[in-house]
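Nothing in this text is a laboratory measurement; each read-out follows from the coordinates by a stated rule. Not measured: the values here are computed from a predicted model. So basically every Cβ, Gly included, is an ideal-geometry build from the backbone, and we count neighbours across all protein chains shown.
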Amino acid sequence: MVNKMSDEKRIDFYKIYAKAHNNAADLLNEAEILYEKGKYARAYFLAYTGLEEISKSQLAADVYTRFVKEEVFWKRYREHKSKIDGVEWAHIDANTYPYNKIWIGPDMDDVEGISPSKPLFERRQKALYVDVKDSIIFSPKEEINGDDAKEIMHILSTALYRIWEMEEYWGHQIGTKGFMK
């Protein structure tokens, strides 16, 4: 059955795709600024949020290309776990792509191998809020370190690179149908 919707509504999903994707790139840039200033917890939070935006953008693209029905978008749109599950591919890819600070592709003269941990909502929360457990108080600075921030920023930069690579370089359609072959 074909996913029917008006052209005007489809254009709205294309706009969501583009704006969420661009916001993810902005969040990565801002996370890198915070990282350079030693603000690792906030850098982690922004990069995690960028991954959620990538998930939203890819899902909106899937609605635009009629690969996914609109109802699926609205169901997953505000669910943190669902959005992170939607970019599990980025975590897998980040474990095979070398790390470098420029997300438009690896600079083979300036790379290192890292194995980023899976993005977890609990870590996102620890990056933002003071926590109390067994009468011990933990601040975000104590919970998230530079390696944590670098790992999640690497996942986000890998996601942005892979999307660019598939859509712009290889010319596949937007969204997961053209991307996740």
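For K126, the aspartates and glutamates whose Cα falls under 13 Å of its own Cα, not counting residues fewer than eight places away in the same chain, are E142, E143, D148.
As a length-normalised measure over Cα pairs under 8 Å and 6 or more apart, the relative contact order of the range 7-179 settles at 29 percent.
In this rough spin-label picture, where each label sits 7 Å from Cα along the Cβ direction, the Q125-E36 distance is 3.3 nm.
A simple spin-label model places pseudo-atoms 7 Å from Cα toward Cβ; at D147 and K9 they are separated by 4.9 nm.
Each residue of the range 25-39 is assigned a 3J(HN,Hα), and the resulting list reads 5, 4, 4, 5, 4, 5, 4, 5, 4, 5, 4, 4, 8, x, 9 Hz, derived from the Karplus form 6.51 cos²θ - 1.76 cosθ + 1.60 (θ = phi - 60°), x at Gly and Pro. In the structure shown, the pairs K19/K75; K39/K150; K15/K83 are assessed against 21 Å; each Cα-Cα span is contained within that value.
Think of each Lys and Arg Cβ as +1 and each Asp and Glu Cβ as -1; about the Cα centre, that makes the dipole of the range 45-85 roughly 80 debye. Among the GluC sites (Glu not before Pro) in the range 46-99, those placed in a DSSP loop whose Cβ has at most 16 other Cβ atoms within 10 Å are E79.
Over the range 7-179, the ratio between the Cα radius of gyration and 2.2 N^0.38 Å evaluates to 1.06.
Phi angles across the range 47-62 convert, under the Karplus curve 6.51 cos²θ - 1.76 cosθ + 1.60 with θ = phi - 60°, into 3J(HN,Hα) values of 5, 4, 4, x, 5, 5, 5, 4, 4, 4, 5, 5, 5, 4, 4, 5 Hz, Gly and Pro given as x.
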